[in-house]
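Trainee: Here it is: the structure, laid out below.
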Amino acid sequence: MTAQVRTSPGAAYDLGYHVVWCPKYRRPVLGGRVEIRLEELIRAKADEHDWEIVALEVMPDHVHLFVKPHPKNSPSQVADRFKGFTSHHLRAEFPHLRWQLPTLWSRSYLVATVGAVCARTVQRYVETQYERAAKGSGRA
């Protein structure tokens, strides 16, 4: 995958988050029509915020999402927006979800940053700034 830098006033960015969340008690309730509707809702929320969905997989007991948001949105905001929006709509449209669970989603989630460059490469780049600056200016 190649880096696709996006721009906005005052920023150039290429952020990616891997977000994973589960139904309360990790119940396998995300199948059939619920799965289809959940995917539609996730895509609608991403479109609303102009976030790019790179990959989405709904499993019966958890959701994996690779999303590229704007840098003004923190990882916790991204997870909360998806979870809150989808819970509200799914529980309204599928009453059995209200009967089976006190809340649709567990309070916890995982968010991991995803990038085109590994952490070790960035660390090495930052730590060698003075060395590269000295070589570029002709000083040793």
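The values are calculated or read from the model by the stated rules, or taken from the named source; none is laboratory data. Values in this document were obtained by computation on a predicted structure and should not be read as measured data. Virtual Cβ from ideal backbone geometry, glycine too; neighbours counted across all protein chains shown.
Trainee: Could you say which residue among R26, R6 is basic (K, R) and at pLDDT 95 or above? Can you show your working first?
Mentor: Details: R6 fails: at pLDDT 95 or above.
Unique residue meeting the criteria: R26.
Trainee: Within region 86-140, work out how many residues are of a type in the set (S, T, N, Q), more than 16 Å from R33 (Cα to Cα) and modelled with pLDDT of 95 or more.
Mentor: Residues flagged as of a type in the set (S, T, N, Q), more than 16 Å from R33 (Cα to Cα) and modelled with pLDDT of 95 or more within region 86-140 amount to 3.
Trainee: Return yes when W105 is more than 18 Å from D14 (Cα to Cα), of a type in the set (F, W, Y) and in contact with a Ser or Thr (Cβ under 9 Å, 6 or more places away or on another chain) and no when it is not.
Mentor: Values: more than 18 Å from D14 (Cα to Cα): yes; of a type in the set (F, W, Y): yes; in contact with a Ser or Thr (Cβ under 9 Å, 6 or more places away or on another chain): yes.
When the stated conditions are applied, W105 passes them.
Trainee: Any residue in region 10-35 that is touching a residue at least 24 places away in the same chain (Cβ under 8 Å) sitting within a Cβ distance under 9 Å of a residue that is in a helix (DSSP H, G or I) and exposed (fewer than 11 other Cβ atoms within 10 Å of the Cβ)? List the pairs, counting only those 6 or more apart or interchain.
Mentor: Hits for this filter: V29/H96; V34/H96.
Trainee: Give me the pairs: first residue in region 111-140 and closer than 30 Å to I53 by Cβ, second residue of a type in the set (S, T, Y) and modelled with pLDDT of 75 or more, beta-carbon distance under 6 Å, and six or more apart or on different chains, which are they?
Mentor: V111/Y17
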